[in-house]
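A.B. asks: Structure below; questions to follow.
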Amino acid sequence: MSLETLWLALLGLLLAGYFVLGGYDYGAQMLSPFLGSADAGPRPDTGPGAAAGAGPGTGPNGRNAALDAIAPFFLGNEVWLVAFAGVMFGAFPHLEGSLLSGLYPLIVAILAGLVLGNAAIQLRGRSRGARAVKVWNALVVLGGALPAVCWGIVVGLLLHGVPRRADGSFHVGAGEVFGPFALTCGVATALLFAGHGAAFVALRSEPGTAAAARRLGATLLAAAGAAGALALLLSVFGAGASMTRTGTSVVLFALVVAALAAGWWFLGKGRDTLAFTATCLATALPVLLIGAGQYPYLLSASAGGGITVDEAVADGATLKVLIGFGVVVVPLILLYQGWSWWAFRGRTGRRHPSYF
């Protein structure tokens, strides 16, 4: 395997990992008003958060079951995004320059949503009064929905192709961002992340909340499948994805559909672990669809062509220097993630207290 292929695979792995791990964070945030009441008794703290009062999406003493489920993980999951950005900056500098400049408004919206959601989750439990809790609850939802929709639009733009100017630079305008295919992908991704979050909450929560999460998650996955079908229909009529490897793309899209169907089925049967595994696959496969379906292009142009892997990658000497990053940092990320899952295994309230 060449260094270029190795770094491309690592870039895809990090982004897919972020979609899986950050995706259930976004989903749980979006669902927090609907999966609010925690089953597992009162919070152990007696500070201001304990006196916040009950508001929409809150349980006893201001607790929220959906947020409890992601509490030990939601900040650590952002490490995958940081690592993805580091690999893109270091190993694919030409892609970074073209991609970030063209998608600048969407990237800013994603980062704003991350900051807003993280701050709202932290400050929600420290607020006094039901009105303040309502405000933070709304910002928690917005902090999950905004990045989810924007990531979906980014996926849609990459699948469709980005307009290229005469000087070779890429530009994304309002017409592309609000085009039917990009918006459909944004809605589909938000629904998928919400269903993924529901599967995670079902896996982590006490029986009452888990049952509600299964019902809601099955509905969301079905809706995500319907939105995906609309995106496929647009592609069939020439207004959607433009893929260089049609056969590979068809297989990968079929796998996404199969993963959604499996997640819907297992949620209905109460098989939480299998349902979450299926939704993990459904959230990771779109990244593979972009990479494998459009190979050898990393960034395709809507009029054809684009930036190939060879054009985007750094020189061989730089890639060799960066090997230390992949050999040291990526295993550390995996070890940290594995440790955190092991340390906080079990359902919320049994193995660890509420955080928010």
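The values are calculated or read from the model by the stated rules, or taken from the named source; none is laboratory data. The structure displayed is predicted, hence computed values, not measured ones. So basically every Cβ, Gly included, is an ideal-geometry build from the backbone, and we count neighbours across all protein chains shown. SASA here: full protein model, heavy atoms, side chains in, ligands and nucleic acids out. Shrake-Rupley method; radii C 1.70, N 1.55, O 1.52, S 1.80 Å.
A.B. asks: Let me confirm something: among LEU123, LEU95, LEU111, which residue is part of a helix (DSSP H, G or I) and more than 30 Å from LEU35 (Cα to Cα)? Walk me through it before giving the result.
C.D. replies: Values: LEU123 fails: more than 30 Å from LEU35 (Cα to Cα); LEU111 fails: more than 30 Å from LEU35 (Cα to Cα).
Answer to the selection: LEU95.
A.B. asks: In addition: Does ALA241 qualify as being over 19 Å from the mean Cα position of the chain (by Cα), in contact (Cβ under 8 Å) with a residue 60 or more places away in the chain and not in a helix (DSSP H, G or I)? Step through it out loud before you land on a result.
C.D. replies: On the way: over 19 Å from the mean Cα position of the chain (by Cα): yes; in contact (Cβ under 8 Å) with a residue 60 or more places away in the chain: yes; not in a helix (DSSP H, G or I): yes.
Judged against the criteria, ALA241 is a match.
A.B. asks: Taking THR348, is it among the polar types (S, T, N, Q), surrounded by 15 or more Cβ atoms within 10 Å (Cβ to Cβ) and either under 21 Å from the mean Cα position of the chain (by Cα) or modelled with pLDDT of 95 or more (or both)?
C.D. replies: Details: among the polar types (S, T, N, Q): yes; surrounded by 15 or more Cβ atoms within 10 Å (Cβ to Cβ): yes; either under 21 Å from the mean Cα position of the chain (by Cα) or modelled with pLDDT of 95 or more (or both): no.
No, not satisfied.
A.B. asks: Which residues, counting only those in region 281-311, are open to solvent by less than 30 Å² (accessible area, probe 1.4 Å), over 18 Å from VAL250 (Cα atoms) and in a helix (DSSP H, G or I)?
C.D. replies: VAL309
A.B. asks: Limited to region 286-343, what total is found for residues that are touching a strand residue (DSSP E or B) at 6+ places or on another chain (Cβ under 7 Å) and touching a residue at least 60 places away in the same chain (Cβ under 8 Å)? Give the steps one after another, and end with the answer.
C.D. replies: Residues of region 286-343 touching a strand residue (DSSP E or B) at 6+ places or on another chain (Cβ under 7 Å): 294, 296-303, 306-309, 312.
Next, from what is left, pick out any that are touching a residue at least 60 places away in the same chain (Cβ under 8 Å): 294, 298-303, 306-307, 309, 312.
Going through region 286-343 one residue at a time, the tally reaches 11.
A.B. asks: Regarding THR277, is this residue under 24 Å from ASP68 (Cα atoms), open to solvent by less than 50 Å² (accessible area, probe 1.4 Å) and either hydroxyl-bearing (Ser, Thr, Tyr) or modelled with pLDDT of 85 or more (or both)?
C.D. replies: Numbers: under 24 Å from ASP68 (Cα atoms): yes; open to solvent by less than 50 Å² (accessible area, probe 1.4 Å): no; either hydroxyl-bearing (Ser, Thr, Tyr) or modelled with pLDDT of 85 or more (or both): yes.
Criteria not met by THR277.
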